[in-house]
Ligand code: LMR
């Protein structure tokens with residue numbers, strides 16, 4: 001039998017040992033995404049993990065789940081807010097339910113190229129959008145690029161009339177639905193992980209995406225034509241729940257903020273190279289003809305799709321649209 005004083009000492013000792021063991025537990029950051037590892041987002045996520053492993057060993061443990069293996073794009077926001085996942089990099093097209101202003105990025109033919117997108121994202125207006133969902137407990141940490149979107153189908157799409165009556169898979173975005181309605185096509189929202197099957201079985205006839213996503217999801221194998229329309233963009237917002245991010249110990253958050261900056265620079269510097277490489281892989285596969293548009297043909301798509309802007313101008317804000325348009329002029 002232990003004497004009472006002795007018992008108290010053992011107790012205190014075991015509590016303090018337990019306390020230090022608990023303090024030593026690393027903070028687990030699950031980073032879930034829906035694309036393959038060999039994509040701009042996949043590579044950015046791996047770089048984030050690498051840097052965190054190197055700089056915060058034993059304090060932070062990053063687990064990356066690619067290819068919708070943990071959550072698909074239909075569940076990832078809910079999972080983030082419930083704390084089942086800590087970081088996601090969600091397509092800017094998929095924030096309709098949380099903020100109207102981010103719909104800006106889906107407006108067809110708004111940005112001439114990714115350099116313009118980048119200028120806008122780094123501007124005061126672009127940075128403000130990262131904070132536009134704070135009231136919903138969502139903190140935007142950074143923008144990550146994928147690239148310009150192209151159109152695909154099993155018939156050549158050269159002029160808008162070619163899309164008439166075809167069913168196109170879209171991300172869950174009201175703007176993108178209107179974009180396809182504007183060319184008399186039928187938009188069909190669909191989560192990313194089932195697009196290949198949807199195209200293969202003919203549930204949808206076509207889609208839009210970047211070369212990176214076409215190639216890594218093998219969508220080119222079931223699409224005979226890709227039109228290099230560069231009509232819109234697919235970029236991401238890297239987000240965490242505000243509760244999680246603001247609740248991190250300050251020294252860890254400071255280091256993670258730096259890591260976000262570096263992983264962002266890496267993902268963004270790889271994005272164009274990966275898209276060009278995957279375009280070449282698609283050509284090499286010989287499954288898909290890549291159609292270039294003449295300036296007149298591209299203009300015809302622009303003329304049909306641009307009226308979509310007016311439908312969303314009020315909710316997005318005319319000044320924001322103007323600021324984004326202005327980013328097409330390099331300073
Ligand atoms: C899509 O659904 O097509 C994209 O948002 C997937 C992605 O995350 O790149």
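Considering segment 46-68, and only residues there that are outside any strand (DSSP E or B) and out of contact with any helix residue (DSSP H, G or I) (no Cβ under 8 Å at 6 or more places or on another chain), the residue that is nearest to the ligand (Cβ to nearest atom) turns out to be 46. Residues in segment 177-195 that are within 16 Å of the ligand (Cβ to nearest atom), surrounded by 19 or more Cβ atoms within 10 Å (Cβ to Cβ) and either in a helix (DSSP H, G or I) or touching a residue at least 40 places away in the same chain (Cβ under 8 Å) (or both): 177, 179, 180, 192, 195. Among the residues making up segment 166-176, those that are over 15 Å from residue 304 (Cα atoms) and either in contact with a strand residue (DSSP E or B) (Cβ under 9 Å, 6 or more places away or on another chain) or assigned to a loop (DSSP other than H, G, I, E, B) (or both) are 166, 167, 168, 169, 170, 171, 172, 173. For the condition closer than 23 Å to residue 116 by Cβ and either within 16 Å of the ligand (Cβ to nearest atom) or part of a helix (DSSP H, G or I) (or both), residue 234 qualifies. Within the option set 259, 226, being more than 22 Å from residue 311 (Cα to Cα), touching a helix residue (DSSP H, G or I) at 6+ places or on another chain (Cβ under 7 Å) and away from the ligand (no atom under 15 Å from the Cβ) holds for one residue only, 259.
For residues that are in contact with a strand residue (DSSP E or B) (Cβ under 6 Å, 6 or more places away or on another chain) and near the ligand (Cβ under 10 Å from one of its atoms), tally how many sit in segment 34-45. Here the count works out to 2. Residues that are more than 16 Å from the ligand (Cβ to nearest atom), in a loop (DSSP other than H, G, I, E, B) and either free of Cβ contacts under 8 Å to residues at least 24 places away in the same chain or within 22 Å of residue 179 (Cβ to Cβ) (or both) within segment 69-124 comprise 99, 100, 107, 109, 110, 111, 112, 113, listed in sequence order.
Residue-level check: of (1) under 21 Å from the mean Cα position of the chain (by Cα); (2) not in a strand (DSSP E or B), residue 157 misses just (1).
Scanning segment 282-301 for residues that are surrounded by 14 or more Cβ atoms within 10 Å (Cβ to Cβ) and in a helix (DSSP H, G or I) yields 282, 283, 297, 298, 300, 301. Close Cβ contacts (under 8 Å, 6 or more residues apart or on different chains) running from residues in segment 200-221 that are without any contact (Cβ under 8 Å) to a residue 24 or more places away in the chain to residues that are more than 12 Å from the ligand (Cβ to nearest atom) and outside any loop (DSSP other than H, G, I, E, B) comprise 200/222.
Quick note: the coordinates plus some simple rules give every number you see, no bench work behind them. Predicted model, so just to flag it, every value in this text is computed and none were measured. When we count neighbours, we look across all protein chains shown, and the Cβ atoms used for this are built from the backbone with ideal geometry, even at glycine.
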